[in-house]
Amino acid sequence: MYYLIRKVVWVPVELWKTEAFQHSAELARDWLKLSLLCLMLAGFFSAVIVFARTPMLADLIGDPQFSQKSLVLHVVLALVGWFYSFLAVLFLSMNSGRVSKWPGFALKASVIGIALICLSILMPNAEPILANYIPVIDNTMFLAGLGLFGGALCLTLIGNGLFQTPVASTEAPLVSSLQAREVIHAAGLMVILAVGTILVSMYITTPGLDRTMFFELTMWGGGHIFQFANSLGMIAVWLILLRLITGKEGLGVTTNRTLLVIMCLPVMFTPLLLVNGTQDQLYYNGFTQMMRWGMFPVISAYILIGAYAIIRARRQGDFEGKFLHNVWFNGFLVSAVLMVAGFIIGAMIRDSSTLIPAHYHACLGAVTVAYMTAMFYLMKRWGYSWSRGFPTTILKLQPLLFGFGNTIFVAGFAWAGLNGMGRKMYGTDQDLFSPEVIVGMGMMSFGGLLAIAGGLMFLYLVIHAYNNKNNR
């Protein structure tokens, strides 16, 4: 534990020493370290949240605001810090040359941003606002940190050829196929559009609104577009994993471009949804329907295409051995299953209950396990390997343990929500009023602990590879 804490503390120092001018692969490795730091910090705050939701233990925390601040930091570090730092890794991995000075400076700015976000929990009289998609702590330190990280991310993407046409490459260390590169480019464009939508929403929202309502409205539109970016990043990883599993591309270039157009086209109507302001039903319902019908059909198509590609490879003898003995297959399987679970739970939502966090934890868990599995491959290609005699079974089991824990977690949340448990209640605010709700929240706690164990296993695997003396 001491060693892990020391590594967490030292990562920002290493990143601060980064040179402004770097090779893209070196900069990608630095963003990889930042993504791991965000994931570790998000995991710490998730443990606080699980503790605050567990029957009989919740009373020990008592202060609902502390739990809510922990929730804000957990969501922002996981949904913003971890996801988009790793998306930057994927984006930088498409290049093979030297980058300009701006992305190097942007990395340092992002480190400062994450530090400010974390330190904001210590500020007195800072109100946590549990806005959908991107919650905030309403003080200058947190908002400055969030803005700094967002600006650094955009600068990194734009400074590395976001607006250039992607082409196939055999020189990139991770992403060489044209299909995956086009999907990652689309994800980067969604990030820029999401940030722009939030800024425009802040500008056009009526001043003087209650702060909770202000952030709820301004984060709503951009938050939905961010989910397109998350899903596209996950799909790109699926394509990489399918190539590792089958030895071939999972789908053709034309099919991939058709699905991308179908998925991204609804987002192009964003300016129309902003015409009447953020308090209009067009804004609220428009983004909801955009995400529902823009993502579900296309992601489902990618899952079916991936399943067919694996079955075909099995029949043709290109995929040998037992399915669950292949870490790339496990990563794809768990990610796809969690995403399907998220779709099913999302269709059951009728009011504000724990069905909502069950839905988005399933979907975001699908993105997380895909990114975790991709990180194993990325580290292997960059020369980080596990020591001789290391039990590779742990590597194969990690996606399964993380996915199993997440599945129980969302099932418990969903069961409690079906029996009337409200969302966004912690500590003494939580009212466990029926045996069904207690069972559901108990399942949530148990599944959350298993998922945390899967996350710790992931960190152990990564740190072990980083510190293997045989690695170059």
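The values are calculated or read from the model by the stated rules, or taken from the named source; none is laboratory data. Small disclaimer: the values here were computed from a predicted structure and weren't measured. Note that each Cβ is placed from the backbone with ideal geometry, even for glycine, and that neighbours are counted across all protein chains shown. Surface areas here come from the heavy atoms of the whole protein model, side chains and all, with no ligands, DNA or RNA. Shrake-Rupley method; radii C 1.70, N 1.55, O 1.52, S 1.80 Å.
Values as computed for the structure displayed
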| quantity | calculated |
| --- | --- |
| Exposure of E249 as accessible area (Å², to 10), given a probe of 1.4 Å and all protein chains | 50 |
| Cβ crowding within 10 Å averaged over residues, with 279-285, 218-224, 396-402 ranked highest first | 218-224, 396-402, 279-285 |
| Accessible area per residue, Å², region 195-261 with all protein chains present, probe 1.4 Å | 37 |
| Global geometry of region 304-346, whether rounded, prolate or oblate, following the gyration tensor of its Cα atoms and the 1.5 cut on a/c | oblate |
| Overall form of region 186-262 per C-alpha gyration tensor (a/c, 1.5; a/b vs b/c) | prolate |
| Amide proton proximity set for I137, modelled H, under 5 Å, gap of 5+ | I129 |
| 3J(HN,Hα) from dihedral phi, region 186-197, Karplus parametrisation 6.51/-1.76/1.60, rounded to Hz, x for glycine, proline | 4, 4, x, 5, 5, 4, 4, 5, 5, 4, x, 5 |
| Shape category assigned to region 104-172 from the gyration tensor of Cα positions, a/c cut at 1.5 | prolate |
| For C154, solvent-accessible area (1.4 Å; no DNA, RNA or ligand), Å² | 20 |
| Centroid-to-centroid separation of region 210-244 and region 275-326 [C-alpha atoms, Å] | 13 |
